[in-house]
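One structure is given below, encoded as structure tokens.
The values are calculated or read from the model by the stated rules, or taken from the named source; none is laboratory data. The shown structure was predicted, so the numbers you read here are calculated from the model rather than taken from an experiment. Backbone-built Cβ (ideal geometry, glycine too); neighbour counts: all protein chains shown. Ligands, DNA and RNA are stripped out before the accessible areas are found, and what is left, the full protein with its side chains, is counted by its heavy atoms. Shrake-Rupley method; radii C 1.70, N 1.55, O 1.52, S 1.80 Å.
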Amino acid sequence: MEKITNWSRITSQANDSGHVVVVMVDQEDCPYCREVEKEFFSAILAGGQYQGIVSIGKISIDAGETIIDQDGQEVSTREFLAEYETNWTPTVLFLDHQKREVADRLTGLLTPDYYFYYLERSINSAIRNSQNRS
């Protein structure tokens, strides 16, 4: 899964095609983040069923990490994500091109046996909700 370093680039693509941006909030020393990425997101990406509809990436909240925001300014990733008030990793956010949440977020990895189901359900819900807003 690729790290999102330029939000304005991701959102211009999302705005042009109307698709959803799925963001995993990540930390390097988070074993659950690695598990979610390896076990669940790799399957979603390999399946290809969301290609052209959903952009998927991760944003690390480790110290010193930065991102280019929607205004083209370089800011810390913690500052960029502050409006979501999330300090837990992994947290998966489902956003439209304006950074609005369009589906319920997934926080932590409490139920690994059902996580893939919850992830797909949230992606599909985000797609429906995003299309309804257009």
Over the chain, give the accessible area per residue in Å² for a 1.4 Å probe, as an integer. 55
Given +1 on the Cβ of Lys and Arg, -1 on the Cβ of Asp and Glu, and no further charges, what dipole in debye does the chain carry about its Cα centre, rounded to the nearest 20? 480
Residue by residue through the stretch 19-29, which ³J(HN,Hα) values in whole Hz follow from phi under the Karplus form 6.51 cos²θ - 1.76 cosθ + 1.60 (θ = phi - 60°), with glycine and proline marked x? 9, 8, 10, 9, 10, 8, 7, 10, 9, 4, 8
Nothing charged except the Cβ atoms of Lys and Arg (+1) and of Asp and Glu (-1): what's the magnitude of the dipole of the stretch 1-65 about its Cα centre? Round to the nearest 20 debye. 260
Taking each pair of distinct Cα atoms in the chain once, what is the resulting Kirkwood hydrodynamic radius in Å? 14.8
Per the helix-only calculation at 222 nm, which mean residue ellipticity applies to the chain, given -39500 (n - 2.57) for every DSSP H run of n ≥ 4 and division by its residues, nearest 500 deg cm²/dmol? -10500 deg cm²/dmol
Integer Hz, Karplus 6.51/-1.76/1.60 couplings in order for the stretch 97-102, x for Gly and Pro: 5, 9, 6, 8, 6, 10
Within-9-Å neighbourhood charge of GLU37 [Cβ basis; K, R +1; D, E -1]: 0
Residue-wise, which Karplus ³J(HN,Hα) couplings in Hz belong to the stretch 123-132, taking 6.51 cos²θ - 1.76 cosθ + 1.60, θ = phi - 60°, and x for glycine or proline? 4, 5, 5, 4, 4, 4, 5, 5, 5, 5
